[in-house]
Every structure is written in structure tokens, then in C-alpha cells.
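In what follows, a structure is listed as C-alpha cells, so that the remarks can point back to it.
The values are calculated or read from the model by the stated rules, or taken from the named source; none is laboratory data. Model, not experiment: these values are computed from the prediction. Glycine also receives a Cβ, built like all others from the backbone with ideal geometry; neighbour counts cover every protein chain displayed.
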Amino acid sequence: MFRPYIVGLGGTTREGSSTEKAISLASNYQGQSDLGGTGQADGIILGTPGYHGGLSGLVKNALDYTEDLRSDKRPYLEDRPVGCVVTAAGEQAAVTTLAALRSVVHALRGWPTPLGVTIVTSDQVFDAAGICICPRIETQLRILSQQVLDFARLRARADSRRPEPGAEVPSDNSRVARQETP
């Protein structure tokens, strides 16, 4: 069975940040927590802290490097599911940043998952060991992670059924011609 390569990307320069913990937790649901290259990824879990309603400079700079993928077979984030996770001190900053992050993913040709997760860090969500102590957030991260995995598998299935370039593809008329007429 195809096992998608899911990459976690994001965080802050502060070790043990809530964003880092959330990305790590969501990535671990799939049995991987690689923070490797997006070029080979079948799916991405992307997280950022919300700074005044916008993405962190660190995450924005990392996304700017997807320009290096412009000549690849799958440029930028094309055809890849991207789970968006935002942490912020307040609800307004979290929601505004999530909308901005989803827009950036679209602009890079990625597919934001139906569920985006906002985490308000003014409430304690993770303990010192990085364990999520909020059942609602843990459930949301698990769902987001599953959506990334499911969409990556669907994309791989669709790609495996796509004819090779130059292969003859029957037209709709050939199918009609094979049907029996009454």
C-alpha cells in the first residue's frame, strides 16, 4: 500500500513553541515527523504563529523558497494537500492568520485541507513535555492529519490511473460505439 511522504513545516525560532508542538503532534499521527524538503512531499502540515494577524517572517521566508521548485514536475505546492495550523495569543489573530495562510497555500497551487486548526495559546494547550492537554485541539490535529494523508492517497491513486504522455486515450465516442444499441 502506498505510504505518503508527509512533511511538517513551520514553527518559530523559540525552541518548544506551541507551533512546533502542534506540527510535531500532527505529523506524528502519521508515524512520521520529517521536517525535510517539500519538493518530495506528498502532503504538508504547515504551521505558523500569528503575528498581528499575519504569518511569521520565518514561515514566509520558508514558503518563498518554494520558488526553487518552479521547474520541478510538480512546481511549488502543486497537487499537494496542505494542513494549515495557526497558533496565536488571541482568537482574532489566529483566525485572520489562518485565512492568510490558506490564501498563500492556494497561491502556491496547494490544496488546503477542509479543516484548518487555530490554537489560542493564552489557554494552556500543551504541557512542558509537548503533550496536548486539550482534547478538542488534539481531535482537530488528528482530523487535519488524516485529511492530509487521505488527500495524498487520492492524488497518488489518480496519478496511477493517468495515462502516460503520448499514450492513446479512447475518446467518449469509442465508448459509445461499443455499447449495444437496442
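Count of the stretch 15-44 residues, restricted to those that are touching a helix residue (DSSP H, G or I) at 6+ places or on another chain (Cβ under 8 Å), at pLDDT 80 or above and either surrounded by fewer than 20 Cβ atoms within 10 Å (Cβ to Cβ) or more than 14 Å from Ile119 (Cβ to Cβ) (or both), is 5. Among the residues making up the stretch 61-83, those that are farther than 23 Å from Leu115 by Cβ and outside any loop (DSSP other than H, G, I, E, B) are Asn61, Asp64, Tyr65, Glu67, Asp68, Leu69.
When the residues of the stretch 65-83 are narrowed to those that are in contact (Cβ under 8 Å) with a residue 40 or more places away in the chain and not small (Gly, Ala, Ser), which ends up farthest from Gly110 (Cα to Cα)? My answer is Thr66.
Restricting attention to the stretch 100-141, the residues that are part of a helix (DSSP H, G or I) and either of a type in the set (S, T, N, Q) or surrounded by 15 or more Cβ atoms within 10 Å (Cβ to Cβ) (or both) add up to 11. Looking at the structure I just gave you, is Gly8 among the small types (Gly, Ala, Ser), in contact (Cβ under 8 Å) with a residue 12 or more places away in the chain, within 30 Å of Ala158 (Cα to Cα) and part of a strand (DSSP E or B)? The answer is yes for Gly8.
Taking the stated definitions as given, is Ile143 modelled with pLDDT of 95 or more and touching a Phe, Trp or Tyr at 6+ places or on another chain (Cβ under 7 Å)? No: the conditions fail for Ile143. In the stretch 74-99, of all residues being surrounded by fewer than 21 Cβ atoms within 10 Å (Cβ to Cβ) and touching a helix residue (DSSP H, G or I) at 6+ places or on another chain (Cβ under 8 Å), the one that is nearest to Arg153 (Cα to Cα) corresponds to Asp79. Only one of these conditions is not met by Gly47: (1) of a type outside the set (Val, Ile, Thr); (2) surrounded by 16 or more Cβ atoms within 10 Å (Cβ to Cβ); (3) within 14 Å of the chain's Cα centre (by Cα); (4) at pLDDT below 95. Which number is it? Checking Gly47 against (1) of a type outside the set (Val, Ile, Thr); (2) surrounded by 16 or more Cβ atoms within 10 Å (Cβ to Cβ); (3) within 14 Å of the chain's Cα centre (by Cα); (4) at pLDDT below 95, the one that fails is (4).
Residues considered: Val59, Val7. Of these, the only one that is within 17 Å of Ala100 (Cβ to Cβ) and at pLDDT 85 or above is Val59.
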